[in-house]
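The structure under discussion appears below in the form of structure tokens.
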Amino acid sequence: MSQVIPGAEPLTAEGGSTGVLVLHGFTGNPQSMRPLAQAFVDAGYSVEQPLLRGHGTAVEDMLDTTWDDWSADAEAAYQSLASRTESVVVAGLSMGGSLTLWLATKHPEIAGIICVNPATQVAPEVRDFVAGMVAAGDIVMTGIGSDVADPNSPESAYADTPLQPLLSMFDAAIHTQAALPSVKCPLLLFTSPQDHVVPPTDSDYLAEIYGGPVERVSCERSYHVATLDYDKEMIIDRSMKFIRTVSPQ
């Protein structure tokens with residue numbers, strides 16, 4: 001495996017009886033969620049922020065990974081956190097939001113979830129387009145990372161998007177969708193109207209079918225990676241209030 005990109009290292013912090021699991025997005029790494037994760041640490045929470053397999057090094061390391069790998073990493077991090085805390089909140093960006101929703105379908109004991117521009121569905125024509133590229137022998141396409149309005153806050157994501165792993169994420173979304181109406185824990189949902197990676201309609205769809213209470217917040221000044229963008233302090237503030245509501249320390 002290649003060397004970890006500076007700033008992309010995983011984070012583990014021991015704190016209080018409430019744990020927060022923080023999950024990054026597809027081709028990204030913990031750097032994209034670090035301001036939020038660090039805020040949780042500073043507030044005294046126990047925090048796990050894993051580096052998902054194939055991420056945070058070189059794109060070549062990601063080519064043979066799939067949703068099964070990343071969901072296994074998320075599950076392992078959740079189990080580690082749950083074993084040493086009394087309650088757990090899960091927060092995720094983009095595919096990290098998809099993993100957050102997947103965990104919530106598996107663990108009804110989760111106190112609450114926070115999703116930032118989560119990927120929840122895929123248009124058939126998009127999947128067909130990617131599948132066609134794979135069938136033609138393509139391995140990667142131009143990257144989707146660093147969709148940030150603030151020029152002084154770039155994301156250290158891969159420059160390329162691996163196609164076969166992307167297909168695995170698309171297919172996993174279908175299975176997660178079916179279980180979302182049965183999830184009952186509170187959801188704090190951040191959506192950027194100007195998202196150039198995941199359509200805001202993914203959030204609309206989630207809010208419509210989700211089985212538990214949904215609190216929606218619009219990130220008007222940010223693009224996809226809102227956790228690094230102009231609204232990051234607002235996201236931190238609203239997330240802190242949410243956690244105090246669903247899991248008082």
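In table form, for the structure just shown:
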item: Among (1) assigned to a loop (DSSP other than H, G, I, E, B); (2) touching a Phe, Trp or Tyr at 6+ places or on another chain (Cβ under 7 Å); (3) within 29 Å of His196 (Cβ to Cβ); (4) of a type outside the set (A, V, I, L, M), the one test that Gly16 misses; result: (3)
item: Residue count, the range 1-59 (criterion: aliphatic (A, V, I, L, M) and under 16 Å from Tyr78 (Cβ atoms)); result: 11
item: Any hit, the range 97-108, residues being modelled with pLDDT of 95 or more and not in a helix (DSSP H, G or I); result: yes
item: Some residue of the range 118-131 being at pLDDT below 95, out of contact with any Leu (no Cβ under 9 Å at 6 or more places or on another chain) and under 13 Å from Gln164 (Cα atoms); result: yes
item: Restricting the range 218-249 to residues that are among the β-branched types (Val, Ile, Thr) and farther than 25 Å from Ser156 by Cβ, the residue that is surrounded by the most Cβ atoms within 10 Å (Cβ to Cβ); result: Ile243
item: Tally of residues being in a loop (DSSP other than H, G, I, E, B) and either in contact (Cβ under 8 Å) with a residue 40 or more places away in the chain or under 12 Å from Thr27 (Cα atoms) (or both) across the range 128-166; result: 16
item: All positions within the range 184-210 that are over 24 Å from Leu52 (Cα atoms) and not polar (S, T, N, Q); result: Lys184, Cys185, Pro186, Pro193, Pro200, Asp204, Tyr205, Ala207, Glu208, Ile209, Tyr210
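Here's the yes/no breakdown for (1) touching a Gly at 6+ places or on another chain (Cβ under 7 Å); (2) within 18 Å of Ser168 (Cβ to Cβ):
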site: Arg53; (1), (2): no, yes
site: Ala74; (1), (2): no, yes
site: Ser83; (1), (2): no, no
site: Ser94; (1), (2): yes, yes
site: Leu99; (1), (2): yes, yes
site: Thr120; (1), (2): no, yes
site: Pro124; (1), (2): no, yes
site: Met133; (1), (2): no, yes
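The values are calculated or read from the model by the stated rules, or taken from the named source; none is laboratory data. Small disclaimer: the values here were computed from a predicted structure and weren't measured. Glycine gets a Cβ as well: all are built from the backbone with ideal geometry, and neighbour counts include every protein chain shown.
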